[in-house]
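The values are calculated or read from the model by the stated rules, or taken from the named source; none is laboratory data. Worth saying up front: this structure is predicted, and the values here are computed from it rather than measured. Reconstructed Cβ throughout: ideal geometry from the backbone, glycine too, with neighbour counts over all protein chains shown. These accessible areas exclude ligands, DNA and RNA; they are computed on the full protein's heavy atoms, side chains included. Shrake-Rupley method; radii C 1.70, N 1.55, O 1.52, S 1.80 Å.
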Amino acid sequence: MVSSPVVNTYPLSSYTFGTKEPKMEKDTSVADRLARMKVNYMKEGMRTSVEAILLVQEHNHPHILLLQIGNTFCKLPGGRLKPGENEIEGLKRKLTSKLGANSPALVPDWQIGESVAIWWRPNFETMMYPYCPPHITKPKECKKLFLVHLSEKEYFAVPKNLKLLAVPLFELYDNVQRYGPVISTIPQQLSRFQFNMISI
């Protein structure tokens with residue numbers, strides 16, 4: 001039998017959280033975002049983006065760190081790669097931009113691990129799929145989710161206009177209404193991993 005990859009998760013309390021200057025969103029609405037995506041597509045072709053699954057544990061249960069914008073919208077930290085940028089380096093850059101402190105000495109040593117999911121956006125619409133539909137020859141976005149292995153102590157600097165939430169896997173599971181199709185299916189994608197709950 002093939003053994004499952006092991007992920008060490010540390011208590012949320014072993015991490016330190018601070019704040020930094022607000023990181024303003026480029027778009028004020030979903031329609032704006034899709035319009036910008038269309039403009040960028042004309043210039044650069046398909047958008048490639050990378051997002052991080054950062055795991056911590058509370059009460060011996062895995063939690064995922066999500067950025068909350070406003071009162072309802074949650075997203076994984078990450079974002080769009082520059083044309084030709086390496087996925088791993090790009091994700092490290094995005095994580096540092098979203099959650100790294102302004103001091104280089106405090107920036108986490110991001111250990112980018114396994115790719116756990118790939119999502120496709122066939123058109124300039126909000127719907128994404130975990131496969132590229134066969135009739136689509138030119139998808140508009142490819143998004144990859146990576147597991148990031150956190151060390152036992154890190155300092156995260158959260159932009160003042162965002163909140164960083166630790167959301168339990170059981171709350172994400174099958175909760176498409178609240179978290180959307182990408183985030184709500186993370187529990188299934190992580191089911192092949194074995195979690196090693198480390199208490200400090």
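Modelled label positions at ASN102 and GLU125, each set 7 Å beyond Cα in the direction of Cβ, lie 4.4 nm from each other.
Please work out how much length the chain gains when fully extended from SER13 to ASN71, using 0.36 nm per residue of separation minus the C-alpha to C-alpha distance, in nm with one decimal.
Value of the extension gain: 18.5 nm.
When both bridge partners sit in the chain, DSSP labels roughly 60% of those beta bridges antiparallel.
A run of the chain free of exposed loop cleavage sites, with GluC sites (Glu not before Pro) counted only in DSSP states other than H, G, I, E and B and at most 12 other beta carbons within 10 Å, reaches its longest extent at 1-124.
When you restrict to C-alpha pairs under 8 Å that are six or more residues apart and normalise by the size of region 71-200, the relative contact order lands at 22 percent.
With an 8 Å cut-off on Cα pairs and a minimum separation of 6 or more residues, tell me the relative contact order of region 69-142 in percent. If you can, show how the numbers build up before the last one.
On the way: 62 pairs, mean separation 13.8, N = 74.
Contact order relative to length: 19 percent.
With all protein chains in place and a 1.4 Å probe, the accessible surface of the chain carries 54 percent carbon and sulfur.
Counting only heavy atoms of the protein chains, get the accessible area per residue of the chain (1.4 Å probe) and round it to a whole Å² value.
Details: 10740 Å² over 200 residues.
Each residue of the chain exposes 54 Å² on average to a 1.4 Å probe.
What label, among (i) 16.9, 51; (ii) 30.6, 102; (iii) 19.4, 58, belongs to Rg and Dmax of the Cα atoms in Å computed from the structure on display? Among (i) 16.9, 51; (ii) 30.6, 102; (iii) 19.4, 58, the one calculated here is (i). Spatially, region 133-200 and region 1-72 are offset by 7 Å when compared through their Cα centroids.
Taking the alpha-carbon distance from LYS140 and a cut-off under 16 Å, which aspartates and glutamates remain once sequence neighbours fewer than 8 residues away in the same chain are dropped? LYS140 reaches ASP32, GLU44, GLU125.
Take the alpha-carbon positions of region 1-85, form their convex hull, and give its projected area averaged over all directions (one quarter of the hull surface) in nm².
Working: hull surface 38.0 nm².
For region 1-85, averaging the hull's shadow over all directions gives 9.5 nm².
Between LYS23 and GLU85, the C-beta separation translates, for a Förster distance of 22 Å, into a calculated FRET efficiency of about 0.70. Volume per residue for region 141-200 equals 148 cubic angstrom (convex hull of Cα atoms). For the chain, modelled as a Gaussian network with Cα springs under 10 Å, which listed residue fluctuates most, ALA166, ALA101, ALA35? Among ALA166, ALA101, ALA35, the largest mean-square fluctuation in the Gaussian network model of the chain belongs to ALA35. Across region 58-67, coupling constants 3J(HN,Hα) worked out from phi with the 6.51/-1.76/1.60 Karplus curve, θ = phi - 60°, read 9, 6, 6, 10, x, 10, 10, 7, 10, 8 Hz, and Gly and Pro carry x. For HIS149, the solvent-accessible surface computed with a 1.4 Å probe is close to 50 Å², ligands and nucleic acids excluded. Extension gain, ASN196 to ALA35, is 53.7 nm, computed as 0.36 nm per intervening residue step minus the present C-alpha separation.
I want the local charge near LEU66. Using Cβ-Cβ distances under 13 Å, sum +1 for each Lys or Arg and -1 for each Asp or Glu among the other residues.
Numbers: positive: LYS75, LYS98, LYS163, ARG178; negative: GLU51, GLU171.
That sum, taken over residues with Cβ under 13 Å, equals +2.
Take the Cα of MET46, step 7 Å toward its Cβ, do the same at CYS132, and the gap between the two points is 0.3 nm.
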